[in-house]
1. Taking N as the number of residues in the range 1-130, what is its alpha-carbon radius of gyration divided by 2.2 N^0.38 Å?
2. Given the -39500 (n - 2.57) contribution per DSSP H run of 4+ residues, what per-residue ellipticity at 222 nm results for the chain, rounded to the nearest 500 deg cm²/dmol?
3. So what's the angle, to the nearest 10 degrees on a 0 to 90 scale, between helix 62-74 and the longest Cα principal axis of the chain?
4. Per 20 Å bin, what percent of the C-alpha pairs of the chain does each bin hold, from zero upward?
5. So, how do all the Cα-to-Cα distances of the range 142-295 break down into 10 Å bins, in percent, from 0 on up?
6. Arg238 to Ile128: FRET efficiency via 1/(1 + (r/R0)^6), r the Cβ-Cβ distance, R0 51 Å, to the nearest 0.05?
7. Springs between alpha-carbon pairs under 10 angstrom, Gaussian network model over the chain: which of Glu251, Glu211, Glu47 fluctuates most?
8. Which one, Leu229, Gly140, Ala249, is farthest towards the positive end of the dipole of the chain when Lys and Arg carry +1 and Asp and Glu -1 on their Cβ?
Amino acid sequence: MTRYLINRILTSIPTLIAISLVVFLILALAPGNPMGEFATNPSITPEVRENIRRSLGLDQPIPIRYLKWVWAFLQGDLGYSFTSRSPVLGLILQRLPTTLWIMGLAYLLAVILAFPLGIISALKRYSILDQIVTTVSFIGFSLPTFFTGLLFIIIFSVQLKWFPFIYNSTLQVTNLQTFWQQIQQSIMPVCVLGFYQAAILMRFIRSSFLEQLNQNYVRTAYSKGLPKLNVINGHILRNALIPVVTLMALEIPGLFAGSLVTEQVFRIPGIGALLIDSIFRSDTPVIMGITMVYAILVVLFNLLADLLYGFLDPRVQY
């Protein structure tokens, strides 16, 4: 196990280096000027703009800038935003609680809905319940989140006036009343994201269970007279969860990056909104910081998924 972990970590290092290099080159060569906002300001002379450009290190060759960024990143310094001059790490930490609150609740809702419905749908194949669940899940992942988000706003905010359609980022939870306001403004984005993720997860769980139900070891377990619940818990569930764990390991790091579209629809000041704003402003340090933290989380959760395979299936050896 230890040797396997060390090998996986060592093989992850070239992957992260390649990701950082590709993203940095794309950002450095892409059209767009971080100094664009200063160019439209008549009070900033060309000499001042050149001094600012030099202070940001934009006058140096791309390889030098990349090596400096890597060295700073290894020391835990993600740099400073070109536009706000604030530390990138501070900007990420400032937006992270909102993103985790919305995305975490949405994924929790998705798991709560998807697991029981997906399993029951597979066990009751071709029943009315299975057809209803299958139809709803097809509709769920066929509709893009920006459409369902706008639909929710029109129905529940404009027509029924139940929930606010813009997320109030200045709201401070200090008592029960403000906590209820926080819940109210979170319900629509959580439901939009939760239903979409639940639909995908539900289809995946149903397919995985159906694949295991026809295996010989399941027939053997039933032929031995084992109760159905014991066969499901002791034999089917573990094997069916292996591909589900892979899917969840790829989705959970996305909780950090936020939802780019849904955060824009509901004006949620999360990591996704910060990333979109930084791309428009060619704010390279912020984009690199968010991308690299996300890449590291993907690598770590893939490693965690590989370790869980051994727990779910004892035949997996490291």
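1. In units of the globular-protein estimate, the range 1-130 measures up at 1.68.
2. On the way: 15 runs with 228 residues, N = 318.
Value at 222 nm, helices only: -23500 deg cm²/dmol.
3. Tilt relative to the chain: about 60 degrees.
4. Histogram of Cα-Cα distances, whole percents per bin: 25, 48, 24, 3, 0.
5. Bins of 10 Å from zero give 9, 26, 26, 20, 13, 6, 0 percent of pairs.
6. That pair, Arg238 with Ile128, gives E of 0.95.
7. Most flexible of the set in this elastic network: Glu47.
8. Leu229
The values are calculated or read from the model by the stated rules, or taken from the named source; none is laboratory data. What you see is a predicted model; the values in this text were computed from it and never measured. Every residue, glycine as well, gets a Cβ built from its backbone with ideal geometry; the counts of neighbours run over all protein chains shown. Surface accessibility is based on the protein's heavy atoms, side chains included, excluding ligands, DNA and RNA. Shrake-Rupley method; radii C 1.70, N 1.55, O 1.52, S 1.80 Å.
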